[in-house]
Amino acid sequence: MLMLKSRHLRDFMAIANSRSLRSAAVSLGLTQPAISRSLQELEEELGVPLFERHARGVVLTPAGEKFLIRAQIATQSIRRGFEEARQFQGDLRGTVSVSLSSAAVLGLLPHAYPQFRKVWPAISVRFVEGQFPLIEHRLRDGELDFYIGPRPEKERGIGYCIERIADNERVIMARKGHPLAGSKSLAALVDAEWLIAGLRDRVEEEFEEVFSQYGLPSPAVRTRAESMLVLVALLGTTDALAILPRVWSSSPLFAGILVSIAIEEQLAAPEIVQMHPVRFPLTPAAEHFSLLLQRAAGTPFHPAQ
């Protein structure tokens, strides 16, 4: 019986990503016969074809799609295991991949990142900006170490370790000199042009949640911006409005460009939490970075219920 080796998973995922045996071989520095033989060994061991061969490449079979998920999870677990063992021995190398919402980027990252770099100067860090619905599959599959941002409505189909970091509040942001900047109520803004940042899977829910609380109709929203850069570019150059975390209103990055509209209504927001899948314990480096980000919030931390 063939003993499954790491190269089988490596070669399989390369083929799945490139959809071509030839391209996968080139990316790995192998010959095409060698990678074909590796795939054949794997398929013989599993007893099921993982790809359908076509003239223009290969396509995953249903069994191949399922095995790809397992292979990705196994690879991430092995990588973390190696890094964790080495870090416990004082090796300060490795990788940390983090997803942060805009509130975490603006309010926490500038304080935590310099401290982290002093202790872990050789760690490779990757940041992904996004709300939970946009990055959930990457967190679930182990591509990301942890997420910090608004608590999602639901944690779908997998156990997460969740820690509350801070309360949150939203404000309405507009460009400096906006004709509605002096408005005092939410009602005066219903007919404005709005942008949405994407806390919910269904974009309309965010505005229904805010406006219905005060007996107001939800405004029409035709533009969804899923990056901070897009939001700033549109807010700063158009008459569009957006509901954003309060930290946007105090960030020096937007001074002279954006202002908050001081309406009388308070706009509650989901609390800020840190999340990672239970099946992927944090490495020492990732755990340290997570703690520094939590401490930057300046609030006690309690396990979320």
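The values are calculated or read from the model by the stated rules, or taken from the named source; none is laboratory data. On a predicted model such as this, the values are computed, not experimentally measured, just so you know. Every residue, glycine as well, gets a Cβ built from its backbone with ideal geometry; the counts of neighbours run over all protein chains shown.
For every residue, the table says whether it meets (1) touching a residue at least 12 places away in the same chain (Cβ under 8 Å); (2) in a helix (DSSP H, G or I); (3) closer than 30 Å to Thr283 by Cα.
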position: Ser27; (1), (2), (3): yes, yes, yes
position: Ile35; (1), (2), (3): yes, yes, no
position: Leu39; (1), (2), (3): yes, yes, no
position: Glu44; (1), (2), (3): yes, yes, no
position: Val58; (1), (2), (3): yes, no, no
position: Leu68; (1), (2), (3): yes, yes, yes
position: Ile73; (1), (2), (3): yes, yes, yes
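Being surrounded by 21 or more Cβ atoms within 10 Å (Cβ to Cβ), closer than 30 Å to Glu193 by Cα and under 21 Å from the mean Cα position of the chain (by Cα) is not true of Ile261. In region 92-109, the residues that are over 20 Å from Gly142 (Cβ atoms) reach residues that are in a loop (DSSP other than H, G, I, E, B) and aromatic (Phe, Trp, Tyr) with C-beta atoms within less than 8 angstrom, at least six apart or across chains, in these pairs: Leu92/Trp120.
For region 266-285, check the following and say yes or no: at least one residue is in a helix (DSSP H, G or I) and free of Cβ contacts under 8 Å to residues at least 24 places away in the same chain. Break it down into steps so the answer makes sense when it comes.
Residues of region 266-285 that are in a helix (DSSP H, G or I), as a first pass: 284-285.
Still in the list and also free of Cβ contacts under 8 Å to residues at least 24 places away in the same chain: none.
No, region 266-285 has no match at all.
For Leu235, indicate whether it is buried (at least 19 other Cβ atoms within 10 Å of the Cβ), in the same structural domain as Lys184 (by TED's automatic domain parsing), within 19 Å of Leu189 (Cα to Cα) and touching a residue at least 24 places away in the same chain (Cβ under 8 Å). Spelling it out, Leu235 is indeed buried (at least 19 other Cβ atoms within 10 Å of the Cβ), in the same structural domain as Lys184 (by TED's automatic domain parsing), within 19 Å of Leu189 (Cα to Cα) and touching a residue at least 24 places away in the same chain (Cβ under 8 Å). If I filter region 245-252 for residues that are part of a helix (DSSP H, G or I) and surrounded by fewer than 16 Cβ atoms within 10 Å (Cβ to Cβ), do I get at least one hit? The answer is yes; a qualifying residue exists. Against the conditions (1) touching a Leu at 6+ places or on another chain (Cβ under 9 Å); (2) free of Cβ contacts under 8 Å to residues at least 12 places away in the same chain; (3) not charged (D, E, K, R), His137 satisfies every one except (1).
Phe146 meets the stated requirement of being crowded, with 17+ Cβ neighbours inside 10 Å, modelled with pLDDT of 95 or more and not assigned by TED's automatic domain parsing to the domain that holds Pro219.
Applying the selection to region 36-45, what residues are surrounded by 14 or more Cβ atoms within 10 Å (Cβ to Cβ) and either at pLDDT 90 or above or in contact with a helix residue (DSSP H, G or I) (Cβ under 7 Å, 6 or more places away or on another chain) (or both)? Residues satisfying the conditions are Ser36, Ser38, Leu39, Glu41, Leu42.
If we only count helices (runs of 4 or more DSSP H) wholly inside region 128-240, which ones have 3 or more residues that are farther than 21 Å from Pro270 by Cα and touching a strand residue (DSSP E or B) at 6+ places or on another chain (Cβ under 9 Å)?
Output list reads 228-237.
If you filter region 4-35 down to residues that are buried (at least 17 other Cβ atoms within 10 Å of the Cβ) and over 32 Å from the mean Cα position of the chain (by Cα), you find that the one that is farthest from Arg70 (Cα to Cα) is Leu30.
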